[in-house]
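Derivation of every value follows stated rules applied to the coordinates shown; laboratory data play no part. Treat the numbers as computed from the prediction; the structure is a model and nothing was measured. Counting neighbours? That spans all protein chains shown, and the Cβs are built from the backbone with ideal geometry, glycine included.
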Amino acid sequence: MNALSRRGLLGTGGALVVAFSTRPVFAQAEHAPTKLPGSLSVQPHLSGWVQVAPDGAVTVFTGKAELGQGIRTALIQIAAEQLYLAPGVISLVTADTGRTADEGYTAGSHSMQDSGTAIMHAAAQVRAILLQEAASRLGVDAGALSTTNGRVQAADGRSLGYGELVGSLSPDQVASQTIALKDPATYTVMGKKMPRVDIPGKVTGAAAYVQDMRLPGMVHARAVRPPRYGATLAKLDSSKIETMPGVIKIVRDGSYLAVIAEGEWQAITAMRALQDAAVWTGGQPMPDQAKIFETIQSLPVQDSVILDRKAEMAPAVHTLKARYLRPYGMHGSIGPSCAVAQLQDGVMTVWTHTQGVYPDRAALAELLQMPPQAIRCIHTEGSGCYGHNGADDAAADAALLAQALPGRPVRVQWMREQENTWEPFTPAIVAEVQASLSADGTIVDWQYGVWSNTHNMRPGNGGRLMPSWARANPLKPSPPMPIPQPEGGGDRNGIPLYDLPTAHVVSHFVPDMPLRVSAMRGLGAYTNVFAIESFMDELAAAAGIDPVVFRLKHLTDARARDVVQRAAQEFGWDKAASLPAGHGRGFAFARYKNLGAYAAVALEVAVEHETGRVRVVRAQCAVDSGQAVSVDGIRNQIQGGLVQSSSWTLYEAVTYDATGITSRDWSSYPILRFPAAPDSVEVHVINRPGMPFLGTGEATQGPTSAAIANAVMDAAKVRIRELPLSQERVKAAIGV
Amino acid sequence: MISLIVNGTTHQVDVDPATPLLYVLRDTLGMHGAKYGCGLGQCGACTVMLDKQAVFSCLTPVAVLEGRQIKTIEGLGTIEHPGPLQQAFIDEQAAQCGYCIAGMIMRAQALLERTSSPTEAQIRAQMQPNLCRCGTHIRILAAIRLAADTMRQAAIPGRVQEVSR
C-alpha cells in the first residue's frame with residue numbers, strides 16, 4: 001500500500017500522462033454516435049482509463065472510489081485480465097478531479113457496471129492497439145502473436161514489451177464500438193482468487209485513510225455544531241479560548257463556529273470550551289417521534305403511478321392488507337467524517353472520502369466562491385460510509401477553514417456526537433399493501449403504496465453542504481427531487497419481480513423533510529423488500545403454501561429462480577422442520593432495483609421467549625451478480641450486507657425529541673455487537689461468465705430484513721411489521 | 001516530559017499530561033493504527049494493549065502511562081512480516097473498510113496472549129466492546145480462531161513471537 005505522502009498523492013506517472021480532463025466533454029458526440037459501454041460514454045478517450053509509460057509501467061484510472069467494498073482490487077483484476085498482465089504491476093488511480101473521469105457518485109452498486117465495464121473495454125482496446133503495432137513492427141500477422149506479462153511475442157521468439165510499443169498509443173485515441181474481449185473461458189485473473197490489495201496495509205497500521213494524513217505544517221480543526229437544526233448562535237465570549245494552548249484561530253461566520261489549533265487534542269479541548277461558552281437559540285421544531293409515520297403520511301405528496309397492470313384473473317377468495325414501517329436510520333460510520341484541505345497559490349486541494357469528487361467540487365465551488373477549476377478533490381479512503389454520511393460536509397468544513405488559514409493544510413474530523421446528530425439519515429418510510437388470492441393460491445390483485453422523503457440530498461449545490469447553513473449568508477439547498485424509476489428512490493424495489501398480471505403501485509413522494517435525510521445503502525429497497533417479502537410470507541400462509549414454493553409459483557425469471565432454489569437447497573429448507581425450540585426459519589428474495597444483482601436469503605433465528613431478544617443463528621445466501629470478478633469480494637459484501645442489515649433490522653432507530661437528535665452515541669444508537677453475530681453466513685455466488693456486471697453492494701440489505709421478520713414469525717408466531725424488531729417490540733408482541 | 005514505552009521503545013513526549021494516549025500515538029509518534037471512533041470507550045477503534053490488557057487509548061491519559069508497556073498494532077508485525085493475527089486477518093480477508101481492524105486485532109491479541117485456546121464464547125465476550133459497521137464479524141471471528149491455532153502451533157503456548165524491530 002502506498003503511504004499517503006504528498007508525493008504519492010500528487011505525483012504523476014510516466015511520459016504519457018495527459019490531463020485529459022481538459023479535453024472537450026463532447027468528444028464522444030463527435031466520434032461515437034452510439035453509446036459506448038459503461039463510463040466510456042462519459043470519457044471515450046482510452047488514455048482516460050489506461051496509460052502505458054515507455055518503461056512499461058501501466059496505470060489504470062477510475063472515477064469510482066474505494067469505500068471498503070473492494071472495488072480497487074476488482075478493477076485491477078479486470079484491467080490485468082484484458083491487458084494480459086499480472087495484477088501486481090498495475091497502478092490504479094481512483095476518483096480525483098485532477099486525474100480521473102467524472103463518473104459521478106460511487107453509489108447504487110454501479111461501480112462494476114460503469115467503471116468495470118469501461119476499464120474492461122478500454123484495456124482490451126489498448127492491448128489490441130499495442131498488438132497491432134507489434135505485428136507491423138515484427139512483420140507478422142497480429143493473430144500469430146501472443147501476449148504474456150506485458151510482452152508481445154512472435155512464434156520465432158522475437159518479442160516487444162508494451163513500453164516499446166507506446167508510440168502507437170495516442171492520448172487522443174477514442175474507444176471504438178467494435179470490441180474484441182477475451183473469451184471468459186480463458187480468464188486467468190477475473191473470477192479467480194485474488195486477495196484484496198489494501199488489506200495488508202490496513203492490518204499493519206499503515207496510513208490508509210484520510211484520517212491518517214499528516215501533511216507538513218498541517219493543523220487540526222473542529223467545528224462547533226448547533227444543538228439542533230436551525231439553532232443560531234446568540235452569544236459567545238471566546239476571549240479566554242483564543243489564548244488556550246495551541247489555538248491558532250477561532251473562525252466565526254454567523255452561527256458557523258470552528259477552532260483551528262496546532263494539535264488535534266488541543267483543537268478538541270478548545271472546541272469543548274467553545275461549546276460550553278456558546279449560547280444557542282431557536283431552531284426548527286422537531287417532529288414527534290411517536291407520531292412520525294402519521295406525520296409522514298399527512299405531509300403533501302407528489303404521487304406517481306410506477307406500475308399499473310390489468311389482466312383477466314381468477315376470482316379472489318381471500319384479501320390481505322398490511323402496513324409496514326421503517327424509522328429513520330443512521331449510516332453510523334465507525335470513523336467520524338474527516339477531510340484535509342489546503343489553499344495554496346489560489347488552488348484549493350481537498351482530500352475527502354466523498355462518494356463523488358466532481359459533484360462535491362461543484363458544490364464546494366459555490367460555497368467557497370471559487371471557480372471549479374481552482375478546486376481539486378482527491379478521494380482518499382475513509383471509514384465505510386454506506387451512503388451519504390458526513391463526508392461532503394466535513395470536506396466543506398475543511399475547505400472553509402483552509403480558506404480562513406491560507407497556506408496550511410487543515411484537517412477536520414467530526415466528533416462522534418456530531419456525526420450522529422448531523423449526518424443525513426435514511427428516511428422514515430411507510431408502505432401499505434393489499435393483495436388478493438384466488439382459490440389455488442395465486443395472487444390475482446396487488447395494490448402497493450410507499451410514502452418516503454427523497455433519498456438523495458447529495459451535494460447538488462453548495463446549499464446541500466450542511467456547514468453552509470449556519471453562515472451569515474447561508475446557501476439554500478436545492479429542492480429535494482425523487483429519483484425516477486427504474487432505479488427509484490423511496491420506491492426502489494417498490495415493484496415486485498413476481499408475476500403479477502394485475503398490480504398497481506404508487507410512489508408517494510414527500511418533499512418536506514422533518515429530519516435531514518439522504519442516501520443510505522439500498523435506499524427505499526430495504527423497506528420495500530421488507531414489506532413485499534414479509535407480505536409474500538403472509539400470503540403464502542393464507543394460501544397454505546410453503547413460502548419458497550409460493551415465491552417460485554409467482555416467479556418466471558430464470559436467474560431469480562436459480563438464486564431462490566440455491567439458497568433454499570443450501571439451507572436445507574425441506575429439512576428445516578426439526579429446528580430447536582424457539583428457533584424459526586425465514587426466506588426472502590429480491591433483485592436489487594429489479595436491474596442489479598439477484599439475491600436470496602434463507603436464515604434461522606433464535607427468539608428468546610422471555611426477553612424477546614432475536615439472534616440470527618445461521619444464514620445461507622445465493623447471489624447472482626452477473627460476471628463475477630472477485631468471488632470473495634462478492635462474498636465479503638454479501639456477508640457484510642447481511643450482518644449490517646441484521647443490525648438495522650433488529651436494533652436501529654434514530655431517536656429525537658424537542659431538544660434535537662438524541663441518538664448521540666453508540667449507547668443511544670446501539671448496533672450489533674459480537675455476541676449477537678451469526679454463527680455462520682455462507683454465500684453462494686452463481687457466476688455468469690461473459691454476462692454484464694450487475695453490482696453487489698446493496699443486494700442483501702432488503703432480503704435480510706424480511707427473512708428475519710419471517711423467521712421471527714416462524715419461531716414465535718408473531719408477525720412484526722414495524723422496524724426494528726427490537727427486543728422490546730418482540731417481547732410485547734409475544735405478550736410475556 | 002513524559003516517558004512512554006511503546007512497542008519496547010521509550011519515547012520522551014512533551015504534551016499536556018491529560019492528553020489521551022490516542023492523540024499522542026497518532027500525532028506525536030506518527031503511529032496511525034489506533035483510530036478515533038467515538039472518544040467514549042464505546043467502539044474500540046482506538047484499542048491498544050497496556051501491560052497485557054486491551055484498553056481504550058481514547059480514554060487513557062498519558063499521565064498514568066509512565067513506565068508501563070504500551071503495545072500497538074505497529075508492534076505486532078510489518079507489512080513484510082505480519083504477526084500471526086495480522087496474517088490471519090489477511091488469510092481470512094477479514095476487512096471491508098478496515099477502519100476498526102487495528103482495534104479488533106489488539107483486543108484479540110490481548111485475549112490470545114492470556115488464553116491460548118479460547119472458546120467461541122470467550123472470543124465473542126472479549127470482542128464485545130469493539131464495533132464493526134461493515135458487518136465483517138464472521139470473518140473477524142474466523143481470523144481470531146485461525147490465529148489462535150497458529151500461535152499454539154508456534155511452540156510457545158499463549159505467547160506471540162515478537163517481530164524484531
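Structure notes:
- Proximal lysines relative to A:Lys310, as straight alpha-carbon distance under 21 Å, when same-chain residues fewer than 8 apart are discounted: A:Lys321, A:Lys553
- On full extension, the segment bounded by A:Ser298 and A:Ser136 gains 51.1 nm, given 0.36 nm per residue less the C-alpha separation.
- Alpha-carbon centroid distance for the pair the range B:26-105 / the range A:163-205, whole angstrom: 35 Å
- Bridging of A:Lys731 to lysines at a Cα separation below 23 Å is possible for A:Lys291, A:Lys717, once same-chain residues fewer than 8 apart are set aside.
- Here the label points at A:Ala290 and A:Val347, each 7 Å from Cα along the C-beta direction, are separated by 5.8 nm in the simple model.
- Theoretical gain in end-to-end length, A:Ser578 to A:Ala314 [0.36 nm per residue, Cα-Cα removed]: 91.4 nm
- Segment A:Gln153-A:Thr281, extension gain: residue separation times 0.36 nm, minus the distance between their alpha carbons: 38.6 nm
- Per residue of A:632-643, other chain Cβ atoms within 10 Å of the residue Cβ number 4 on average.
- Cα-based shape type of the range A:566-710, given that a ≥ b ≥ c are square roots of the gyration tensor eigenvalues and the cut on a/c is 1.5: oblate
- In the range A:410-517, chymotrypsin sites (Phe, Trp or Tyr not before Pro) in a DSSP loop with at most 14 other beta-carbon atoms within 10 Å: none
- The label-point distance for B:Met1 and B:Gln122, in a model that sets each label 7 Å from Cα toward Cβ, rounds to 4.2 nm.
- Here the ratio of the Cα radius of gyration of chain A to 2.2 N^0.38 Å is 1.00.
- Which listed pairs, of A:Lys64/A:Lys193; A:Lys182/A:Lys593; A:Lys249/B:Lys71, have C-alpha distances above 31 Å, in listed order: A:Lys249/B:Lys71
- A:Ser680-B:Ile79 pseudo-label distance in nm [points 7 Å out on the Cα-to-Cβ vector]: 3.6 nm
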